[in-house]
Amino acid sequence: MAKRLAICNQKGGVGKTTTSVNLAATLARRTGKVLLVDLDPQAHATLGLGVDRSKLEVSVYETLVEAQRVEEAILHDRSEQLDLLPGSIDLAGAEAELVEAPEREFRLVRALGLIEPKYQFMIIDCPPSLGILTINGLVAAHDVLVPVQAEYYALEGISRLLDTISLVRQSLNPTLEIKGVLMTMYSSRLNLAKQVAAEVRSFFGEQVFDTVVPRSVRLAEAPSFGKTIFDYDGHSAGAQAYSSLADELLARYQKAEEL
């Protein structure tokens with residue numbers, strides 16, 4: 001059974017999509033087939049893998065409406081061993097359309113269940129909000145990874161996210177767990193970044209990964225070329241950081257399986 005991991009933070013600009021794309025890419029190289037699910041109406045993960053969202057005939061939106069169309073929507077081998085369930089602008093209307101839909105919170109998990117045996121991991125890039133799309137992502141996931149930017153107000157809104165995760169766990173997905181918290185956009189030269197990192201570690205404790213993702217021009221450039229950081233510059237600091245993150249994440253999964 002695939003491990004399903006939601007990348008989630010309702011605060012925008014924290015490196016959520018960068019993390020989704022590049023963590024998925026390195027896990028694919030380490031473990032075998034991985035599916036990246038772009039649940040964000042902005043479809044930045046889709047764009048970052050070189051796909052023109054305006055030309056898509058089928059996307060994750062259609063799979064939320066008709067689960068059986070999931071196979072039709074998947075774009076294969078966007079990077080080594082990495083498949084994509086693309087996002088599209090149509091998702092912007094899904095928030096309103098799904099409000100009255102029966103079992104609206106379970107649309108994504110049903111679609112993913114049809115293809116799960118093919119994958120080792122499913123990485124879900126949630127939108128920067130706590131609406132029905134993010135709820136679908138959290139219901140479909142086994143675990144959550146929370147990226148936190150190493151800047152002022154880093155913890156702003158985190159309590160709301162934690163409350164949402166708790167509510168989903170209580171009523172919709174009782175096994176949902178926070179697998180880890182990731183510091184992103186970190187600059188070791190800035191005292192503020194160090195102070196924020198210390199604050200985040202004080203708040204979350206051992207849930208925070210040792211790996212920190214640095215501010216990186218190469219990480220910022222890669223999506224404009226439609227490439228993961230490993231395809232764009234596999235020797236960069238950003239590539240090293242996401243490789244290290246994958247090591248830590250896999251170690252946490254292995255430890256959990258041994259318990």
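Table for the structure above
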| quantity | calculated |
| --- | --- |
| Stretchable slack from Arg252 to Ser159, in nm (0.36 nm times residue separation minus alpha-carbon distance) | 31.1 nm |
| Sparse-neighbour loop sites [chymotrypsin sites (Phe, Trp or Tyr not before Pro); the stretch 186-259; at most 10 other C-beta within 10 Å; DSSP] | none |
| Magnitude of the charge dipole, the stretch 3-258, Cβ model with Lys/Arg +1 and Asp/Glu -1, debye to 20 | 640 debye |
| Where the stretch 3-258 is the region considered: accessible area per residue in Å², 1.4 Å probe | 43 Å² |
| Principal axis dimensions, largest first and in whole angstrom, of the chain by Cα | 49, 39, 37 |
| Accessible area, probe 1.4 Å, largest first, for residues Tyr153, Tyr61 | Tyr153, Tyr61 |
| Kyte-Doolittle mean at least 1.0, axial Cα span of 24 Å or more - DSSP H helices of the chain | none |
| DSSP-defined beta bridges in the chain - what % are antiparallel, rounded to 5 | 5 percent |
| Restricting the stretch 99-144 to trypsin sites (Lys or Arg not before Pro) in coil, as DSSP defines it, with at most 14 other Cβ within 10 Å | none |
| Förster radius 30 Å - calculated FRET efficiency between Asn191 and Ala237, Cβ distance, rounded to 0.05 | 0.90 |
| Rounded percent of accessible protein surface that carbon and sulfur make up, the chain, 1.4 Å probe | 50 percent |
| Selection from Leu192, Gln170, Val99 lying farthest towards where the dipole of the chain points positive, charges on Cβ | Leu192 |
| In Å², nearest 10: area of Leu138 left accessible to a 1.4 Å probe | 0 Å² |
| Order of exposure, largest accessible area first, which applies to Lys33, Lys55, Lys179 with probe 1.4 Å | Lys55, Lys33, Lys179 |
| Point-to-point label distance, Phe225-Val65, nm (Cα→Cβ direction, 7 Å offset) | 3.7 nm |
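The values are calculated or read from the model by the stated rules, or taken from the named source; none is laboratory data. In this text, all values refer to a predicted model and were calculated from it rather than measured experimentally. Please note: Cβ atoms are built from the backbone with ideal geometry, for glycine as well, and neighbour counts cover all protein chains shown. SASA here: full protein model, heavy atoms, side chains in, ligands and nucleic acids out. Shrake-Rupley method; radii C 1.70, N 1.55, O 1.52, S 1.80 Å.
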